[in-house]
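The values are calculated or read from the model by the stated rules, or taken from the named source; none is laboratory data. Since the structure is predicted, the reported quantities are computational estimates derived from the model, not experimental observations. FYI the Cβ positions are ideal-geometry reconstructions off the backbone, even for glycines, and counts take in every protein chain you see.
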Amino acid sequence: MKRIPLFAYLLIFCLQGKSQQLIDNASLFSNQEKSIIISRLQDVKDKSSVQMLIYTLKDLKGKPAGEYGLNLANKFHIGISGINNGLIVLIAKNDHTIQILAGYGLEWLLPDSLCQSFIDRMIPDFQNHQFSKGVLLAIDSIESRVASADWSLYDFKTDQLQNGRIYSKEYSDQRRNGLYRRVTESGPQFSDKYKITINLDGTDYYLSYSKYMTALLEKITKSHKVTLYFRIENLQSRQLQLSGAE
């Protein structure tokens with residue numbers, strides 16, 4: 001059987017509210033298997049607040065997997081708004097395709113290489129048509145990465161700054177909009193060297209570059225103010241990990 005290709009895109013999408021946890025359009029699972037999968041998804045949510053959606057379909061109808069996944073992200077809302085800790089597992093049966101879409105706030109825990117390893121572990125079970133077993137294995141792997149993270153939103157004005165905690169702050173710098181536009185137009189190489197400065201309690205901290213920095217700068221140039229959500233990556237080096245923007 002042909003190896004299932006990986007399409008792992010960590011996309012910017014607002015994940016909020018309640019949503020279905022399993023949508024099985026490809027009829028891959030029995031009713032009993034659906035019950036077990038939903039129970040595991042709920043268990044992960046209860047323990048970590050990270051919400052997952054398992055979405056299956058027969059085929060992508062010729063659409064690129066990334067485009068289809070983005071449409072799903074815009075349609076279904078899971079995870080915590082701003083913190084963006086939701087995740088979608090897309091399975092296209094006839095296309096032999098699995099895609100993992102992790103919210104912005106999960107990028108630091110679920111990089112592309114790790115998502116690929118999760119999918120690689122699923123492939124033997126899928127080749128044997130044991131789809132439920134493969135999905136449960138993926139859920140276990142994801143839970144092992146996200147369960148110990150702190151997903152609470154802290155107030156930097158009243159709470160002590162600590163590594164791993166998530167904070168939010170309004171950001172606006174109209175004076176630099178021209179520079180931001182040049183950054184977004186010059187491509188990833190220049191963007192990779194660019195850092196946004198956020199002042200917390202009189203100290204400047206810097207957003208570490210991510211693949212979404214250009215999209216963030218575009219959002220800043222189009223809005224008078226944005227609320228940035230970020231996790232403190234390293235207090236000593238004053239590095240922040242972007243979680244989301246609204």
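Observations
- Of note, Leu53 does not satisfy the criterion of being touching an Asp or Glu at 6+ places or on another chain (Cβ under 8 Å), surrounded by 14 or more Cβ atoms within 10 Å (Cβ to Cβ) and at pLDDT below 95.
- Tallying residues that are farther than 25 Å from Arg145 by Cα, surrounded by 15 or more Cβ atoms within 10 Å (Cβ to Cβ) and small (Gly, Ala, Ser) within region 18-33 yields 1.
- In region 135-158, of all residues being among the small types (Gly, Ala, Ser) and either more than 14 Å from Ile100 (Cβ to Cβ) or not assigned by TED's automatic domain parsing to the domain that holds Met52 (or both), the one that is surrounded by the most Cβ atoms within 10 Å (Cβ to Cβ) corresponds to Ala149.
- Residue ID - surrounded by the most Cβ atoms within 10 Å (Cβ to Cβ), chosen from residues in region 192-230 that are touching a Phe, Trp or Tyr at 6+ places or on another chain (Cβ under 7 Å) and at pLDDT 80 or above: Phe230
- Residues (crowded, with 22+ Cβ neighbours inside 10 Å, of a type outside the set (A, V, I, L, M, F, W, C) and either farther than 19 Å from Ile38 by Cα or touching a strand residue (DSSP E or B) at 6+ places or on another chain (Cβ under 8 Å) (or both)) located in region 87-134: Gln99, Gly103, Tyr104, Gly105
- Hey, Glu143 out of contact with any helix residue (DSSP H, G or I) (no Cβ under 9 Å at 6 or more places or on another chain) and not basic (Lys, Arg) or not: no
- Condition met for Ile36 (modelled with pLDDT of 95 or more, surrounded by fewer than 18 Cβ atoms within 10 Å (Cβ to Cβ) and not aromatic (Phe, Trp, Tyr)): yes
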